[in-house]
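Here's the structure, in structure tokens; my notes come after.
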Amino acid sequence: MKNETGKSKYKLNFELVPDGCWGSNLRNVLRPAAWNAVRKAVLARAGGKCEICGAGGRLEAHERWEYDETRGIQKLVGIEALCRKCHETKHIGFAQLRGRGEAAEDWFMKVNGCSYAEMRSALGEANEEQRRRNTVPQWTLDIGYLKEFFQNKAQNA
């Protein structure tokens, strides 16, 4: 759900990946050593806290993507450190496949302080977005963000 400025009104959002982009992620594109370097830098930047809910503990690196439906480009726009619950909620479709959809929905409501109806509306919007993106015949991966990521990392070293 977006506010009047076009930004999401929620801290934690559902991100349904178009079917044609499943498996298009940095772990499958980068060499293991490069992925580990990215992941470790993201986790270090987070200081041991989930970048959405603030929970401590084991964190996972989550890739944020934008989709240009006209040109068929899946563009990496960020990587964030998330706790397992936030990461699972982002990927609600995968959570549902694993029988954890209800837990992810509950977490969405808790983190965002929203009602069941608001959560269902946000999920409906995410599903509609995915349906629309599934009409794109082929996606091209743009990971140019990593160039900026490594430049910033080098400058801050």
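The values are calculated or read from the model by the stated rules, or taken from the named source; none is laboratory data. None of the values given here were measured: they were computed from a predicted structure. Note: ideal-geometry Cβ built from the backbone for every residue, glycine included; neighbour counts use all protein chains shown. To get the accessible areas, we keep the full protein, side chains included, count just its heavy atoms, and leave off ligands, DNA and RNA. Shrake-Rupley method; radii C 1.70, N 1.55, O 1.52, S 1.80 Å.
Among the residues that make up the stretch 103-113, is at least one of them at pLDDT 95 or above, over 18 Å from Ser8 (Cβ atoms) and not polar (S, T, N, Q)? Checking the stretch 103-113: at least one residue is at pLDDT 95 or above, over 18 Å from Ser8 (Cβ atoms) and not polar (S, T, N, Q). Among the residues of the stretch 12-69, those that are under 13 Å from the mean Cα position of the chain (by Cα) and acidic (Asp, Glu) comprise Glu15, Glu51, Glu60, Glu63, Glu66. Taken across the stretch 133-151, residues that are aromatic (Phe, Trp, Tyr), assigned to a helix (DSSP H, G or I) and under 22 Å from Ala55 (Cβ atoms) do not occur at all. Scan the stretch 104-124 and tell me whether some residue there is under 15 Å from the mean Cα position of the chain (by Cα) and open to solvent by 60 Å² or more (accessible area, probe 1.4 Å). No, the conditions are met nowhere in the stretch 104-124.
For (1) within 27 Å of Tyr116 (Cβ to Cβ); (2) in a loop (DSSP other than H, G, I, E, B); (3) open to solvent by 20 Å² or more (accessible area, probe 1.4 Å), each residue gets a yes or a no:
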{"residue": "Val17", "(1), (2), (3)": "yes, yes, yes"}
{"residue": "Asn28", "(1), (2), (3)": "no, no, yes"}
{"residue": "Thr70", "(1), (2), (3)": "no, yes, yes"}
{"residue": "Thr89", "(1), (2), (3)": "yes, no, no"}
{"residue": "Glu102", "(1), (2), (3)": "yes, no, yes"}
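Ala95 - would you say it is in contact with a helix residue (DSSP H, G or I) (Cβ under 6 Å, 6 or more places away or on another chain), at pLDDT below 95, open to solvent by less than 50 Å² (accessible area, probe 1.4 Å) and closer than 30 Å to Gly56 by Cβ? When the stated conditions are applied, Ala95 passes them.
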